[in-house]
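Trainee: Handing you this structure, nothing more for now.
We did not get these values from a lab; they are worked out from the coordinates using the rules stated. Here the structure is a predicted model, which is why all the values come from computation and not from measurement. Neighbour counts are summed over all protein chains in view; Cβ atoms, including those assigned to glycine, are modelled from backbone coordinates with ideal geometry.
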Amino acid sequence: MVIYLIPFISAFIGWFTNWVAIKMLFHPKEPIKILGITFQGIFPKRQKQFAAKLGAVVANDLLHFDEIISKIKDPKNIEELHPFIENHVHEFLSVKLNEKIPVVSMFIGESTLNKLKEGLMEEIQLLLPQVINQFTDKLNAQVDVEQIVMEKVSNFSSDKLEEILNSIMKKEFFFVEILGGVLGFIIGVIQVILTLL
């Protein structure tokens with residue numbers, strides 16, 4: 001009768017060993033020496049290498065800074081700034097300028113202010129792409145996506161890293177645990193059959 005328990009014992013062992021293997025991805029967080037052998041979870045032990053690899057993948061395959069810059073420099077996106085700038089110039093000329101220099105309203109009429117606004121807007125439309133180009137070129141020289149990602153991931157606490165990876169791979173980890181139990185059960189059934197034969 002005890003022989004029929006073998007599949008269930010094997011299922012438990014299969015599930016348990018996979019559960020332990022998944023836990024050992026993250027634990028122990030700090031190196032522990034047992035009988036002269038150092039134990040540490042794979043992710044805490046390899047966090048720096050993981051961070052460097054992830055930084056390289058993000059910078060080279062996922063997020064090219066040149067693509068962001070091309071979006072910023074896109075004439076259509078620059079064009080979308082014009083109404084905002086025009087409103088600001090209008091507000092400045094019709095309200096703030098009068099507050100700063102009240103005498104202006106006595107000598108400059110609405111038509112002159114409109115011409116002044118038109119002239120300023122033409123100048124801004126010429127200047128804005130140049131300013132954006134200079135800004136993005138400087139930004140491109142200063143921003144290293146790979147370095148930023150690497151530093152961020154390297155500085156994660158082990159708990160934070162475990163939380164992130166668990167949130168991404170929770171279903172997969174659960175599947176691996178169940179698969180261990182199922183395979184253990186199948187192996188146990190095969191053992192019973194072979195024993196009975």
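Trainee: Roughly how many nanometres apart are two label points built 7 Å out from the Cα toward the Cβ at H64 and I164?
Mentor: The two pseudo-label positions are separated by 2.4 nm.
Trainee: Under the rule of -39500 (n - 2.57) per DSSP H run of 4 or more residues, summed and divided by the residues of the chain, what mean residue ellipticity at 222 nm is obtained, to the nearest 500 deg cm²/dmol?
Mentor: -24000 deg cm²/dmol
Trainee: Something else: For Cα pairs less than 8 Å apart in space and 6+ apart in sequence, what is the mean separation divided by the residue count of the range 2-196, i.e. the relative contact order in percent?
Mentor: On the way: 157 pairs, mean separation 97.4, N = 195.
After rounding, I find 50 percent.
Trainee: Please list 3J(HN,Hα) in residue order for the range 91-98, calculated via the Karplus relation 6.51 cos²θ - 1.76 cosθ + 1.60 where θ = phi - 60°; whole Hz, with x for glycine and proline.
Mentor: 4, 5, 5, 8, 10, 5, 5, 5
Trainee: Further question: Around F39, which amide H atoms from residues at least 5 apart in sequence, or from another chain, sit under 5 Å from its own amide H, with H modelled in the peptide plane?
Mentor: Answer set, sorted by chain and number: I32, K33, I34.
Trainee: Assuming R0 = 25 Å, can you tell me the calculated FRET efficiency for the pair E172 and T17, based on Cβ-Cβ distance, to the nearest 0.05?
Mentor: On the way: r = 17 Å, r/R0 = 0.67.
It comes out at approximately 0.90.
Trainee: From Cα coordinates alone, what are the radius of gyration and Dmax values for the chain in angstrom?
Mentor: Radius of gyration, then largest Cα-Cα span, for the chain: 32.8, 112 Å.
Trainee: Additional query: I want to make sure I understand the PRE zone here: with the label point 7 angstrom from the Cα of F8 toward its beta carbon, which residues in the range 157-197 have backbone N atoms less than 14 Å away?
Mentor: Only 185, 189 fall inside the zone, counting backbone N under 14 Å.
Trainee: Also, quick follow-up: Multiplying the sequence separation of Q142 and M121 by 0.36 nm and subtracting their Cα-Cα distance, what value in nm do you get?
Mentor: Using 0.36 nm per residue and subtracting the Cα-Cα distance, I get 4.5 nm.
Trainee: Assuming 0.36 nm per residue, please report the length gained on full extension of the stretch V192 to L97 beyond their Cα-Cα distance. If you can, show how the numbers build up before the last one.
Mentor: On the way: separation 95, 0.36 × 95 = 34.20 nm, distance 9.36 nm.
Stretched out fully, the V192 to L97 stretch lengthens by 24.8 nm.
Trainee: On to the next question. Within the range 103-136, name every residue whose backbone N is under 11 Å away from a label modeled 7 Å from Cα of V89 along the Cβ vector.
Mentor: What the label zone holds, given the 11 Å backbone N cut-off, is 114-128.
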